[in-house]
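One structure below.
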Amino acid sequence: MEKFKVKFVPDNKTVEVPEDTTILSAALSCGLYINSACGGEGVCGRCKIILKEGKVTAPPEGTLTPQEKSRHIYLACLTTVHSDIEVEIPSESRLDFENLSPQELELRLKGLYAQSEEIEPKITLPGAKEEFTHSPLTEKLYLELSAPNLEDRVSDLERLYAQIRRLTGIKVIYTGLASIKQLGELLRDSDWKVTVTLGKKDDSCEVINIEPGDTSKRNFGLSFDIGTTTITGQLIDFHSRKILGTRATYNRQATFGSDVITRIIFSQEEQGLEKLHNTVTDTVNQMSHQLIEEHKIDLNDVTCILCTGNTTMIHLLLGVDPKYIRREPYVPTANFLPVIRAAEAGININPRGLLQCVPGVASYVGGDTTAGLLSSGIYRNKDLSILIDIGTNGEIALGNKDFLIAAAASAGPAFEGSGVTCGMRSSRGAIQKVKITPRSLEVTYDTIANAKPRGICGSGYIDLLASMLRAGIIDKNGKFASIQNKGIRNTDSGREFVLVPKEKADSTCDIVISEADIENLKRSKAAIYSATSVLVRHMNLEFGAIKKIFIAGGFGTYLDIESAVTIGLLPDLKREKFVFIGNSALAGARQMLLSHEAVKAAQEIARKVTYFELSVDPSYMEEYTAALFFPHTDLDKFPSLKL
Amino acid sequence: MATQLAKQNWSGKISTLTIGATKEQGGTRAHAVEIGGEESLPFLFPEGAIPNKPRIAFEIWDVPPKDWTEELVRHYGKVFLDPLEWAQMCVKDYKAELLCLRLQGAHPDCADRSADKEAQLVGRLLKEVDVPLIICGCADDTKDNLVLPAVCEAAKAERCLIGSASQDNYKTLVASVMADGHNIIAESPIDINIAKQLNILISDMGLHLERIAINPTIGALGYGLEYAYSIMERSRLAALSGDKTVASPFICFVGQEAWRAKEAREFGPQQGIIWEAVTATALIQAGADLLVMRHPEAVKKVDRYIEELFRR
């Protein structure tokens, strides 16, 4: 088959691909990430590119307007290469988290993590009741062995075990052949002074690594939260118990579909599972590489990685086929995964280092919920609390130290900026706060990193909806109240409200919110609220009985509580009951990395949580339609909003 | 010892809606019709007042209906061509106390009659008969938004019941109804939540809840009657428990649904009449306050049934 060159501008990257390759896969193969929420189905219209030169074929249908077609705009996922071509990827079609400057990244990460730090049980403070004793999953132990002689003829390995047992009390120990092979020489060369790395595999213990001399102060671990949309990772020093650095990036699997279901579907395509697996491990490896480079750490001193994420993400991370998650009766291959060698999953740390995944509860309530329950401390409090993880696959957990119940609320990606006209993830240039003055309808807004606005992120949408309701721009059903209002216009696809005209935006079109967007957001908020309320009622409780509501999620840190209640996303409770905990899953993963007790606690939580399937509850649909109103059909549920 | 029946005490009450304005009330109707006002579930007289009987309105059209079944044509055929004659027939021959005029002819796929023409028709009808009127649009949102305001104005101060407002199209109609002193029909697709939401949206615009009649959308016998029944019953329970936002009387379009049933059309005249009557009586048990019907024989049967219910 003939091969052609595809040149991407302004990146100036060129790649050679066979005829008939789509532009989307050409871009992917040279490391350029084009937005594609629908997984290359030609439905979402996010992957627009501009053809500068050359011959391509594209099907006539699609979501492009005649004006766009006349400007040589094509959808990268449907357009195939038929000559050497040159293609421009406009900024709105990019997944460009990596384009943030270090300062902006820093700003964003601070925003993301400032809150979750506060709720951490302080592991470093001894004596406090709830804390976990410091016992990282992989521990380094410095040993000075007595050399053998004619009276003491115990073998090298038994000598090593005996000394470990003497110092730690650990009895069950085993060692890989590779370590045994080098043992004799290593012990004698190092004058019987060595450091062993002990890895805890459930109830046994393995000598992972043996090094000459004392390296016990150089032991590090990584914790990762593999989200459907965002991947965050931290580097932790086991010796000082400090977080050395945190990094976040997009889950580049988004190129293959924006929610878990489309990704599971994609995994069934030829090489689909492999592609998904490689994309996520590449990202994890790249991020850990950046972290250890930054802190000048030797890869061999990273001995452990702990990952959390929803059940599908963990399956994909390990390369386990997730298809049964999607099929009735929705059973995953594994909830409790054994500790394995990280290298087996394609993750680069010490070649003999360990990978532990946070145990999940069910197909749609994963390890991220377990980790969130752990770090929020709900599982050991007397008071009833709720954990609401607002994400594409929202999870809601309710309980206290006596019981825990969790449900999945498929809220959809609207609050993460997908499926809405000008939606974007919370990155640079995303509008995150909005104010509209009643009467004059003057719009003021804040963007992330104070950049020129490029779109609207979840917290921006929540604020925007609340402001539009307060200013009377939309009615309680989410329809524009009057076409005469400033900023509202009719288009072929319905009415829309112009937030920022394109002259003031970093975008080729005006930043707008349409009636269809509002409908989408309304469905998302209704899913979260109704799931929460069904769960509470299922336990024969009332919202009033709930003492604390923990809000987790990537955008939770910016969430304006008042706005979230105004639109009916969160129940109308005393505002001081709400606690933002940011990325609670990552915080939980870190606790587990640092303490075997936390691992035990997480396993206990995952076993204890009752999974509640909302779709079989007869009242769920009813609750859901009642919530499809701003704030709710039953206004008595929102007393503070009554006039 | 005599058995004591358990009695439920309700805190809520269905609102009372008056259709038609007499001379003293600023209109030209010979009488006004009150519906609603219940303080108990249907016909549980010991539990609360039921001040008004369910009422029946005869359905008439502005244009000759094309798909009405033979049995109905046999009765009305000669008057189909003139809605005024049709109205006279209902009032004089069948003693109709309410008429429901459907402006189907305004529909772009039907005769596409103009707003002016429909407004004139309403004006003439008001002169021709002196019973209160219910006026329905053609169910094409764009066209209704042109026609119904003109009709509202033509019937100003006559306190008609005008419909329908839906969740996606209610603003124009609410504004006209408010301006010209009418009542409104709020239509929801067999959904208690949407019924309630629409009432809230309408009252948010400033029209009092007391001026709304809910069209819960019904199905005929064999075509979802029990579904409509349960929605109406649940909505009533909520209203009587104190939820004012659903405490509106029900209007049920029985005729159009019953005569659509295959069983009503194809098995002889009597069966159609019975189909309409049975659908109506079941809905009366669910709490219907106002029934829009087609066949005079069916109306007679239902009238008798209502009399029986209230004879105590």
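Every number here is computed from the coordinates shown, using simple stated rules; none is lab data. What you are looking at is a predicted structure, and each value in this text was computed from that prediction instead of being measured. Note that we place each Cβ from the backbone using ideal geometry, even for glycine, and neighbour counts take in every protein chain shown.
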## Note on the structure
So, over other residues within a Cβ distance under 10 Å of A:Ile297, counting Lys, Arg +1 and Asp, Glu -1, the net charge is -3
### Query
How many percent of DSSP beta bridges within the stretch A:414-521 run antiparallel, rounded to 5?
80
### Message
If each DSSP helix of 4+ residues adds -39,500 (n - 2.57) and the sum is divided by the residues in the protein assembly as shown, what number results at 222 nm, nearest 500 deg cm²/dmol?
### Response
-10000 deg cm²/dmol
### Task
List every residue whose amide H lies under 5 Å from the amide H of A:Gly455, counting only residues 5 or more places away in sequence or on a different chain, with H placed 1.01 Å from N in the peptide plane.
A:Ile431
### Task
Among B:Ser235, B:Ser164, B:Ser114, determine the one that fluctuates most according to a GNM of chain B built with springs between C-alpha atoms less than 10 Å apart.
B:Ser114
### Two-site FRET efficiency, A:Met1 against A:Lys547, from Cβ-Cβ distance with R₀ of 60 Å, rounded to 0.05
0.40
### Task
Only Lys, Arg, Asp and Glu count, each charged at its Cβ (+1, +1, -1, -1), so figure out the dipole size of the stretch A:3-93 about its Cα centre, rounded to 20 debye.
120
### Query
Using all Cα-Cα distances in chain A, what percent lands in each 20 angstrom bin from 0 up to the longest?
18, 48, 27, 6, 0, 0
## Note on the structure
Inter-part gap, Cα centre of the stretch B:269-311 to Cα centre of the stretch B:168-246, in whole angstrom, is 22
#### Entry: Lys, Arg +1 and Asp, Glu -1 on Cβ, resulting dipole of the protein assembly as shown about Cα centre, debye, nearest 20
1460
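Classify the stretch A:414-521 as rounded, prolate or oblate, taking a ≥ b ≥ c as the square roots of the eigenvalues of its Cα gyration tensor: rounded when a/c is under 1.5, otherwise prolate if a/b is larger than b/c and oblate if not.
Rounded, since a/c falls under 1.5.
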### Query
Which whole-angstrom value gives the distance between the alpha carbon centres of the stretch A:498-525 and the stretch B:99-142?
40
### Task
With a ≥ b ≥ c taken as the square roots of the eigenvalues of the C-alpha gyration tensor of the stretch B:85-182, please select rounded if a/c is under 1.5 and otherwise prolate if a/b is larger than b/c or oblate if it is not?
prolate
### Task
Within a 10 angstrom radius of each residue's Cβ in B:192-205, how many Cβ atoms of other chains show up on average? Whole number is fine.
4
### Query
Mean separation of Cα pairs under 8 Å and 6+ residues apart, divided by the residue count of chain A: what relative contact order is that in percent?
13
### Integer Hz, Karplus 6.51/-1.76/1.60 couplings in order for the stretch B:108-124, x for Gly and Pro
x, 8, 9, 9, 6, 5, 6, 4, 4, 4, 5, 5, 5, 4, 4, x, 5
### Query
Separation between the A:Arg537 and A:Asp560 pseudo-spin-labels, each 7 Å from Cα along Cα→Cβ, expressed in nm?
3.0
### Message
Can you list residues from other chains, or at least 5 along the same chain, whose modelled amide H is less than 5 Å from the amide H of B:Thr16?
### Response
B:Gly37
### Query
Of all DSSP beta bridges in the stretch B:153-312, what percent run antiparallel (nearest 5)?
10
### Summary
If the chain between A:Ser204 and A:Glu88 were fully extended at 0.36 nm per residue, the gain over the current Cα-Cα distance would be 36.2 nm
### Query
Label-point separation (nm) for A:Glu622 and A:Ser240, each offset 7 Å from Cα along Cα-to-Cβ?
5.8
### Query
Is the stretch A:3-93 rounded, prolate or oblate when judged by the Cα gyration tensor, a ≥ b ≥ c being the square roots of its eigenvalues, rounded requiring a/c under 1.5 and prolate requiring a/b larger than b/c?
rounded
## Note on the structure
With a Förster distance of 41 angstrom and the Cβ-Cβ distance between A:Tyr330 and A:Asn400, calculated FRET efficiency to the nearest 0.05 equals 0.90
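What percent do you get for the relative contact order of the stretch A:138-212 when only Cα pairs under 8 Å and 6+ apart count?
Relative contact order, the stretch A:138-212: 41 percent.
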### Task
Considering only DSSP beta bridges where both residues belong to the protein assembly as shown, give the percentage that are antiparallel (nearest 5).
55
### Task
For the stretch B:52-306, build the charge dipole from Cβ charges (+1 Lys, Arg; -1 Asp, Glu) around the Cα centre, then report which of B:Tyr170, B:Met205, B:Gly255 sits farthest towards its positive end.
B:Gly255
### Task
Take the Cβ-Cβ distance between A:Gln182 and B:Ser241 as r, set R0 to 60 Å, and report the resulting FRET efficiency rounded to the nearest 0.05.
0.15
## Note on the structure
Residue-ordered couplings for the stretch A:450-457, obtained by feeding phi - 60° into the Karplus form 6.51 cos²θ - 1.76 cosθ + 1.60 and rounding to whole Hz (Gly and Pro as x), are 6, 7, 4, x, 10, x, 10, 9
## Note on the structure
Neighbour-count ranking for A:Met539, A:Met468 (other C-beta within 10 angstrom, fewest to most) reads A:Met539, A:Met468
#### Entry: Highest-fluctuation residue, B:Ala282, B:Ala106, B:Ala21 considered, GNM on chain B with Cα pairs under 10 Å
B:Ala282
### Task
Round to the nearest 10 and give me the degree value, 0 to 90, for the angle of helix A:156-168's Cα axis relative to the longest principal axis of chain A.
70
### Task
Can you grab the distance from the C-alpha centre of the stretch A:245-279 to the C-alpha centre of the stretch A:127-178, Å, no decimals?
41
### Vicinal HN-Hα couplings computed from phi for the stretch A:243-255 (Karplus, 6.51 cos²θ - 1.76 cosθ + 1.60; Hz; Gly/Pro x)
7, 7, x, 10, 9, 10, 8, 5, 6, 6, 4, 3, 4
### Message
Give me the net charge for the shell around B:Asp144: Cβ to Cβ below 14 angstrom, other residues only, Lys and Arg +1, Asp and Glu -1.
### Response
-4
## Note on the structure
Counting sequence-distant residues (5 or more places) and residues on other chains, those with an amide H built under 5 Å from that of A:Tyr250 are A:Phe97, A:Ile231
